[in-house]
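Student: Right, I'll just put the structure down here and ask away after.
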Amino acid sequence: MSTTSGNPGAEIAERIAHLKKKRSAVILAHNYQLGEVQDIADFVGDSLELSQKATQVEADVIVFCGVLFMAETAKILNPQRTVLIPDPLAGCPMCDMAPVEAVRKRKAELPGVPVVAYVNTTADVKAEVDICCTSANAVKVVESMPEDRLLFLPDKNLALWVQRHSKKDIIPWNGYCPTHQRILDHDIRRLREEHPGAVVIVHPECTPDVIDLADEVLSTGQMVRWAKETAAQEIIVGTEVGLIHRLKGDSPDKTFIQISPLTTCPNMKLITLEKVLWALEDMEHPVEVPEAIAAGARRAIERMLAVV
Ligand code: 13P
Ligand code: SF4
């Protein structure tokens with residue numbers, strides 16, 4: 001008999017734990033996932049940490065709680081495993097801003113210019129580029145390239161952030177994250193007045209005027225580590241709201257303030273506890289990347305992993 005009757009969340013979590021054993025599965029979750037999904041995961045991290053973790057999984061099944069490009073990356077790096085995404089509609093609008101035909105056309109206009117792709121791209125785009133990067137390693141990846149001129153896609157804000165830290169000539173693609181784009185410089189000015197002692201941390205997907213006002217610009221994984229180490233007690237968090245659950249869990253003595261009420265990524269929130277359970281029950285929805293595309297994409301991702 002269940003020990004959790006009357007608490008549907010705990011009951012679902014118990015059934016997930018049982019099925020995880022039965023299927024030999026591990027659950028990987030991105031820092032933007034709902035709190036209850038983060039709580040049942042074996043590993044929670046940023047996109048770089050999740051790629052690194054995916055290469056090490058020995059269990060038969062990876063249930064990937066995040067958006068599709070992240071689950072595809074796990075499948076590309078560890079093709080022997082069955083990778084399930086609890087909702088296959090969890091896409092990333094930024095990925096869709098760089099369709100493969102447009103990337104090929106731009107490459108043809110820039111002969112000899114290598115292409116750096118943020119991991120927020122589809123697998124077929126990754127197969128077209130020289131190297132991938134994440135928000136945690138973008139500057140390091142760009143600096144690792146021998147060429148002085150690079151096309152950087154799809155995030156123009158991350159490209160401009162990298163340009164501030166590199167002497168190379170970076171040609172940005174015109175993409176952006178709709179969630180981070182909604183964070184405004186006005187939000188920071190208002191919150192600084194309300195919380196005079198607070199420190200402002202933002203993600204490099206934010207616009208340059210937001211970045212200008214921030215104290216620190218960090219990937220989600222870097223935010224988690226930074227928050228543990230800082231002496232600051234009040235922290236204004238300029239990224240998707242799901243990270244606050246992770247931050248509170250890791251640094252319970254500190255206060256985290258959401259930068260704006262608009263920082264929810266609707267795609268990340270498509271993954272729910274129920275859908276994780278159904279994924280394990282029905283072995284749905286397997287992520288497949290044709291080997292002809294996966295081979296090229298793997299080369300670009302592994303080149304990145306060799307840099308960091
Ligand atoms: P991180 O690489 O910092 O986890 O960010 C991924 C992402 O999609 C940000 O919107
Ligand atoms: Fe894509 Fe932005 Fe959502 Fe990250 S937060 S998955 S970049 S839409």
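The values are calculated or read from the model by the stated rules, or taken from the named source; none is laboratory data. This one's a predicted model, so the numbers in the text were calculated from it and none came from an experiment. Methodologically, a virtual Cβ is constructed for each residue, glycine included, from the backbone with ideal geometry; neighbour enumeration extends over all protein chains shown.
Student: Scan segment 262-270 and tell me whether some residue there is modelled with pLDDT of 95 or more and in contact with a strand residue (DSSP E or B) (Cβ under 6 Å, 6 or more places away or on another chain).
Tutor: No, because not a single residue in segment 262-270 is modelled with pLDDT of 95 or more and in contact with a strand residue (DSSP E or B) (Cβ under 6 Å, 6 or more places away or on another chain).
Student: Then there's this: Looking only at residues that are within 14 Å of ligand 1 (Cβ to nearest atom) and assigned to a helix (DSSP H, G or I) in segment 120-140, which one is surrounded by the fewest Cβ atoms within 10 Å (Cβ to Cβ)?
Tutor: Among those residues, the one meeting the criterion is Lys140.
Student: List the number of the failed condition for Ala306; all other conditions in (1) in contact (Cβ under 8 Å) with a residue 40 or more places away in the chain; (2) more than 19 Å from Arg81 (Cα to Cα); (3) assigned to a helix (DSSP H, G or I) hold.
Tutor: Unmet for Ala306, out of (1) in contact (Cβ under 8 Å) with a residue 40 or more places away in the chain; (2) more than 19 Å from Arg81 (Cα to Cα); (3) assigned to a helix (DSSP H, G or I): (1).
Student: A further question follows. Search segment 212-229 for residues being assigned to a helix (DSSP H, G or I) and closer than 15 Å to Gly242 by Cβ, and hand back the single one that is nearest to ligand 2 (Cβ to nearest atom).
Tutor: To start, the set of residues in segment 212-229 that are assigned to a helix (DSSP H, G or I) comprises 212-213, 220-229.
Still in the list and also closer than 15 Å to Gly242 by Cβ: 220-221, 223-224, 227.
On the way: Thr220: 9, Gly221: 14, Met223: 14, Val224: 16, Ala227: 19 Å.
My answer is Thr220.
Student: Could you identify the single residue in Val142, Val119, Val129 that is at pLDDT 95 or above and within 16 Å of ligand 2 (Cβ to nearest atom)?
Tutor: On inspection, the qualifying residue turns out to be Val119.
Student: Moving on. Please verify whether segment 239-257 includes one or more residues that are in a loop (DSSP other than H, G, I, E, B), among the hydrophobic types (A, V, I, L, M, F, W, C) and over 19 Å from Cys65 (Cα atoms).
Tutor: No: zero hits.
Student: Are there helices (runs of 4 or more DSSP H) fully within segment 1-119 with at least 1 residues that are closer than 22 Å to Asp250 by Cα and within 16 Å of ligand 1 (Cβ to nearest atom)? List them.
Tutor: 35-40, 47-56
Student: Give segment 71-116 a look and list any residue that's β-branched (Val, Ile, Thr) and either closer than 30 Å to Leu277 by Cβ or modelled with pLDDT under 95 (or both), or say none. Walk me through it before giving the result.
Tutor: Step one: filter segment 71-116 for residues β-branched (Val, Ile, Thr), giving 73, 76, 82-83, 85, 100, 103, 113, 115-116.
Within segment 71-116, Thr73, Ile76, Thr82, Val83, Ile85 qualify.
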